[in-house]
1. Return the total of residues in the stretch B:30-51 being closer than 19 Å to B:F206 by Cβ, assigned to a loop (DSSP other than H, G, I, E, B) and open to solvent by 10 Å² or more (accessible area, probe 1.4 Å).
2. I need a count of the residues in the stretch A:13-54 that are of a type in the set (S, T, N, Q) and at pLDDT below 90.
3. Would you please name the residue that is most open to solvent (accessible area, probe 1.4 Å), looking only at residues in the stretch B:66-101 that are among the charged types (D, E, K, R) and within 12 Å of chain A (Cβ to nearest Cβ)?
4. In this structure, is A:V295 within 13 Å of the chain's Cα centre (by Cα) and either in the same structural domain as A:Y247 (by TED's automatic domain parsing) or part of a helix (DSSP H, G or I) (or both)?
5. Would you check which residues across the stretch A:240-292 are under 29 Å from A:L166 (Cβ atoms) and at the interface with chain B (Cβ under 7 Å from one of its Cβ atoms) and list them?
6. Residue by residue through the stretch A:68-93, note down the ones that are open to solvent by less than 70 Å² (accessible area, probe 1.4 Å), in contact with a strand residue (DSSP E or B) (Cβ under 6 Å, 6 or more places away or on another chain) and not small (G, A, S).
7. So which of A:P225, A:P260 is assigned by TED's automatic domain parsing to the domain that holds A:T154 and farther than 30 Å from B:V106 by Cα?
8. Does A:V308 satisfy being hydrophobic (A, V, I, L, M, F, W, C), within 14 Å of chain B (Cβ to nearest Cβ) and within 16 Å of the chain's Cα centre (by Cα)?
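The values are calculated or read from the model by the stated rules, or taken from the named source; none is laboratory data. Note that the structure is a prediction, hence the values are computed from the model and not measured. Cβ placement follows ideal geometry from the backbone for every residue including glycine, while neighbour counts extend to all protein chains displayed. These accessible areas exclude ligands, DNA and RNA; they are computed on the full protein's heavy atoms, side chains included. Shrake-Rupley method; radii C 1.70, N 1.55, O 1.52, S 1.80 Å.
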Amino acid sequence: MSTIANSNPTDGGPSRYHARSLVIWARTNLFARPIDVILTSGIALAAVALIWAVLPWAILDATWQGSSRADCRPDAACWAFIINRSGQFIYGFYPATERWRVDLVFLAFAAALLVLLNRRLAGKQVAAAFLILVFPFLSFVLLHGGIGGLPRVTTEKWGGLSLTILLGVAGIVVSFPIAIVLALGRQSEMPVLRWASVGYIEICRGLPLIAVLFMARILLPYAFPPGTEFDPLALAVVGIILFESAYLAEVFRGGLQAIPKGQAEAASAIGFGYWRTAIYITLPQMLRMVVPGIVNNAIALLKNTTLVVILGLFEVLNIVAAGAADPDWLGLHAEGYIFVGLVFWTLCFGMSRYSQRLERDMRSAERA
Amino acid sequence: MVLAAQRPILEIAGLNKWFGAMHALRDIDLSITAGEKIVVCGPSGSGKSTIVRCVNALERYQTGEVRLEGRLVNADCDSLLSVRREVGMVFQSFNLFPHLSVIDNVTLGPRKLLKIGREEAEHRAMELLARVRLADQARKVPSQLSGGQQQRVAIARALAMRPKLMLFDEPTSALDPEMVKEVLDVMMSLAHEGMTMICVTHEMGFARAVADRIVFMADGAIQETALPEAFFCGDCCARARQFISHVMKERLASQPGEP
């Protein structure tokens, strides 16, 4: 009875109504039975104790400005380390005067992604074509330079968060078309094509990425004349693409198999051949279905990029770890790893939330 | 002229098909002239659907031949895609493309295969949708339509390719009883406009009203080819009579309100 009376919006002002309904919600969900009261207060106490213990170290007594470890209080966090080195953590050893090129590449990527993912913006096909066909080459030319008056920046200078994102984006964007071909190949009626696809997928999927990278570093030189030098970044990108395309191919195959057979039959009955059926009927339906799988893979891949340390590359985790070995900032591993953890968590959580929204939008689009 | 008109649009000769060890079609011979309407009926598993699926080579067959206007139709021939464009098909389970709006379902084939511009294709699609009385639903997606509406969109989609022959594979079997009529009405008006049709259906009222010939199948073979008058007056084989009375009884059972 009291619920009915209290849920009347005319009862008091809107803010009062809101506060009241919050109390009711807490009463019914958090304090309904004695066991709920015990659990709720126990967890609340634990949370308060944890914050009480961490807050002084992390925020209240922490040092935010300084030029070396000596400026920091020894008993609290030294965020000055992160702030002081943020340029390096983001851009690696990329020359400071050329960092605009990195910014430009990410701006272009973000713009294409925005067009692709925002339902209200037109030009999805152009954005997708740009992202898959133009963007990889454009970004390489821009980052590497050596053409059109841009100073050359060799790949061992690339690093930090921008390298992490670069590896993740390159891994997904380049793997995407390869994985579609592999998934279609795996379902092909031509035995040679099918066996080749199955063989590729099963071999690359059965190896840990770390093993692929080790092989690229240790075994590959044996296969070439002595003295042949490989760019470590190129090895990392190729290794990641080999690995990622096999995983994505399986995600896509699952989606293709979930499409009712009648869809391809209806397309055939109209007169569509194999490619038109794939492009207009099966692939668009498949891609809608596998959004959660793609995002799941992207999250896993982003975290896997830390393994390129094997090839001597300094992506964000390794550059922060290296920074903590710098005599000026020696021993600040805790701050460094907390920072890296937050960076990865933010990126992954963002992707995960976005994919949830995308799924919701698509469900309502098919209904509405 | 008369001779040309009587030349069959579709000729099926000596058709045999096996699903593994199961002999699904036995020595089927059937030919249809332009404008003719044929209803294929028979108990389930008798091979009715398999015949229409062989006409546009959705199924492979092992011996015999299917010819559309003299051109051989089988799953391996080069002209297969062009033959399929000239044969419209309506499925039991509609098979609309769920990711496309109703109008895009109808215009996709004409735009991509007949290379008709979007504007003209949409104009023609709207005419077809008006014909199946769904012009007001053009911008919706299939999942928002009822089964009967979806099946009518599927008919419009098939007609958009301007087919010479329409195949209906149990178009009303998946529908709720109250939606059967709206689909049959569209099929009847299509028949009256002179479309050449092969319909696999159990709707005997429809068969009596539009069929030029009724083909009765059982066990993968054509048991009887009869004019509707003869077929429904019991002037046919015993199995067909048994089938008709069975279907009629089912109709009565499902519609207790009608006498």
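1. Just the residues of the stretch B:30-51 that are closer than 19 Å to B:F206 by Cβ, to begin with: B:32, B:35-44, B:46, B:48-49, B:51.
Among the residues that remain, those that are also assigned to a loop (DSSP other than H, G, I, E, B) are: B:35-36, B:42-44, B:46.
Now drop any that are not open to solvent by 10 Å² or more (accessible area, probe 1.4 Å), which leaves B:35-36, B:43-44.
Here the count works out to 4.
2. As a first pass, look at the stretch A:13-54 and keep what is of a type in the set (S, T, N, Q): A:15, A:21, A:28-29, A:40-41.
Within this subset, residues satisfying the condition of being at pLDDT below 90 are A:15, A:21, A:28-29.
Looking only at that region, the number is 4.
3. Let us first name the residues in the stretch B:66-101 that are among the charged types (D, E, K, R), namely B:67, B:69, B:71, B:76, B:78, B:84-86.
From the residues that got through so far, the ones that are within 12 Å of chain A (Cβ to nearest Cβ) too are B:76, B:78, B:84-86.
Values: B:D76: 109, B:D78: 156, B:R84: 22, B:R85: 66, B:E86: 39 Å².
Looking at the filtered set, the residue picked out is B:D78.
4. Numbers: within 13 Å of the chain's Cα centre (by Cα): yes; either in the same structural domain as A:Y247 (by TED's automatic domain parsing) or part of a helix (DSSP H, G or I) (or both): yes.
Yes, satisfied.
5. First, the residues of the stretch A:240-292 that are under 29 Å from A:L166 (Cβ atoms): A:240-255, A:283-284, A:286-292.
Result: A:P284, A:R288.
6. Hits for the stretch A:68-93 are A:C72, A:C78.
7. Values: A:P260 fails: farther than 30 Å from B:V106 by Cα.
Criteria check complete, one pass: A:P225.
8. no
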